[in-house]
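Participant: Following this message is one structure expressed as structure tokens.
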Amino acid sequence: MSERPSPTDTGRAADTTFAPGPLLLLGPPGVGKGTQSKNIERLWGIPQISTGDLLRANVVQGTSVGKVAKEVMSHGDLVPDALVNEMVAQRLSQPDTARGYILDGFPRTFGQAEWLDGWLKSHAGSPPVIAIRIRVNYNQLLRRITGRRSCPACQAIYNVYLNPPENEGVCNVDGVALIQRADDKEEVFTERMRGYQASTRPVIHHYKALRRFAEVDGDRTIDKVSEEIVSTVKRLRKS
Ligand code: AMP
Ligand code: ZN
């Protein structure tokens with residue numbers, strides 16, 4: 001059987017002839033956004049830009065943005081739009097963003113989305129943002145997260161529903177009792193999902209209204225999801 005090479009084949013050099021432009025990946029925690037971003041990064045040779053990462057770097061470096069962000073982030077609140085926008089403008093001015101980039105965690109509010117559209121318009125040559133939501137079945141995601149257990153000794157990962165250990169509650173390798181991460185508990189998961197939905201609703205609405213929004217089915221293999229993201233970006237860039 002001859003199979004087409006996967007678009008995310010690690011052995012291949014990045015396709016630098018295609019300019020995907022600004023992409024925004026949306027999806028709840030645990031949906032594989034990080035993995036998909038890495039695949040796209042490798043495939044098209046464009047950087048991933050995470051405002052969470054940029055903010056944490058500012059905190060570590062003790063910049064003026066970092067001083068404000070540290071306080072706000074410790075309460076789990078959103079850093080003010082003006083600060084985040086300014087930080088993003090600086091990052092987007094770097095040469096590695098010329099053909100495109102993958103935004104992660106930005107825009108997170110309606111104001112940020114409007115600011116970004118305006119900024120891109122005023123920077124000649126940049127196409128508008130395409131937003132792609134990775135959609136997954138809620139119950140499947142719940143099982144993926146709340147079923148996760150790990151071995152504190154050898155770090156092996158199990159899932160009580162999808163990939164259980166041979167003997168309940170203990171590691172196959174060393175027999176050590178498995179543990180559950182605090183933020184994998186169902187109450188925490190539900191709370192994080194609620195927060196995610198509330199914060200992305202206005203952003204999704206914004207890009208839907210502009211017809212620059214698409215959904216891909218995230219309940220499939222990593223490579224299938226990547227393939228669909230790739231074809232979706234190509235289709236939307238043509239229209
Ligand atoms: P994340 O790593 O995306 O979960 O972000 C961690 C924290 O950084 C968030 O809880 C916010 O406090 C802050 N943050 C990240 N991105 C943004 C954004 N676009 N707007 C405001 N605050 C943000
Ligand atoms: Zn172990």
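Participant: Please go through (1) within 15 Å of ligand 1 (Cβ to nearest atom); (2) surrounded by fewer than 17 Cβ atoms within 10 Å (Cβ to Cβ); (3) not polar (S, T, N, Q) for G125 and return the number of the only condition it doesn't satisfy.
Facilitator: (1)
Results for (1) loosely packed, with under 13 Cβ neighbours inside 10 Å; (2) out of contact with any helix residue (DSSP H, G or I) (no Cβ under 9 Å at 6 or more places or on another chain); (3) modelled with pLDDT of 95 or more, shown as yes or no for each residue.
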{"residue": "G100", "(1), (2), (3)": "no, no, yes"}
{"residue": "G105", "(1), (2), (3)": "no, no, no"}
{"residue": "G111", "(1), (2), (3)": "no, no, no"}
{"residue": "Y138", "(1), (2), (3)": "yes, no, no"}
{"residue": "R143", "(1), (2), (3)": "no, yes, no"}
{"residue": "C151", "(1), (2), (3)": "no, yes, yes"}
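Participant: Just one of the numbered conditions (1) part of a loop (DSSP other than H, G, I, E, B); (2) acidic (D, E); (3) within 16 Å of ligand 1 (Cβ to nearest atom) is not true of E191; which one?
Facilitator: Just one mismatch for E191, condition (1).
Participant: Can I ask one more? Quick check on my filter: what residues within the stretch 171-203 are more than 22 Å from L142 (Cα to Cα) and aliphatic (A, V, I, L, M)?
Facilitator: Within the stretch 171-203, V173, V176, A177, V203 qualify.
Participant: Among residues belonging to the stretch 200-220 that are outside any loop (DSSP other than H, G, I, E, B) and of a type in the set (G, A, S), point out the one that is farthest from G105 (Cα to Cα). Let's see the steps before the verdict.
Facilitator: As a first pass, look at the stretch 200-220 and keep what is outside any loop (DSSP other than H, G, I, E, B): 200-209, 213-217.
Imposing the further condition that a residue be of a type in the set (G, A, S) reduces the set to 209, 214.
Details: A209: 20, A214: 17 Å.
Filtering first and then ranking leaves A209.
Participant: Scan the stretch 169-180 and report the pairs whose first residue is over 11 Å from Q155 (Cβ atoms) and whose second residue is acidic (D, E), with Cβ atoms within less than 6 Å and a gap of 6+ or a chain change.
Facilitator: Pairs that qualify, where the first residue is over 11 Å from Q155 (Cβ atoms) and the partner is acidic (D, E), are N172/E166.
Participant: Here's something else I'd like to know. Can you pull out the residues in the stretch 191-219 that are out of contact with any strand residue (DSSP E or B) (no Cβ under 7 Å at 6 or more places or on another chain) and surrounded by fewer than 13 Cβ atoms within 10 Å (Cβ to Cβ)?
Facilitator: E191, R194, Q197, A198, R201, A209, R211
Participant: Give the residue that is farthest from R133 (Cα to Cα), with candidates limited to residues of the stretch 1-49 that are buried (at least 19 other Cβ atoms within 10 Å of the Cβ), of a type in the set (S, T, N, Q) and at pLDDT 90 or above.
Facilitator: Step by step, filter the stretch 1-49, then rank; the result is N39.
Participant: Let me ask another. Is it the case that I145 is in a strand (DSSP E or B), within 21 Å of the chain's Cα centre (by Cα) and either of a type in the set (A, V, I, L, M) or closer than 26 Å to E215 by Cα (or both)? Break it down stepwise before answering.
Facilitator: On the way: in a strand (DSSP E or B): no; within 21 Å of the chain's Cα centre (by Cα): yes; either of a type in the set (A, V, I, L, M) or closer than 26 Å to E215 by Cα (or both): yes.
Against the criterion (in a strand (DSSP E or B), within 21 Å of the chain's Cα centre (by Cα) and either of a type in the set (A, V, I, L, M) or closer than 26 Å to E215 by Cα (or both)), I145 does not qualify.
Participant: Then there is this: Take the residues in the stretch 81-93 that are of a type outside the set (K, R) and surrounded by 14 or more Cβ atoms within 10 Å (Cβ to Cβ), then tell me which one is farthest from the chain's Cα centre (by Cα).
Facilitator: We begin by selecting, within the stretch 81-93, every residue of a type outside the set (K, R); these are 81-90, 92-93.
Next, from what is left, pick out any that are surrounded by 14 or more Cβ atoms within 10 Å (Cβ to Cβ): 81, 83-85, 87-88, 92.
On the way: D81: 19, L83: 21, V84: 17, N85: 18, M87: 19, V88: 16, L92: 18 Å.
Here the residue is L83.
Participant: Scanning for something free of Cβ contacts under 8 Å to residues at least 12 places away in the same chain, under 18 Å from the mean Cα position of the chain (by Cα) and away from ligand 1 (no atom under 16 Å from the Cβ), does the stretch 208-222 turn up at least one residue?
Facilitator: Yes - at least one qualifying residue is present in the stretch 208-222.
Participant: Checking F106 against (1) out of contact with any Gly (no Cβ under 6 Å at 6 or more places or on another chain); (2) within 16 Å of ligand 2 (Cβ to nearest atom), which test does it fail?
Facilitator: That leaves (2) as the condition not met.
The values are calculated or read from the model by the stated rules, or taken from the named source; none is laboratory data. Fair warning: this is a prediction, and the values are worked out from it, not measured in the lab. Cβ coordinates were reconstructed from backbone atoms using ideal geometry, including for glycine residues, and neighbour counts include every protein chain displayed.
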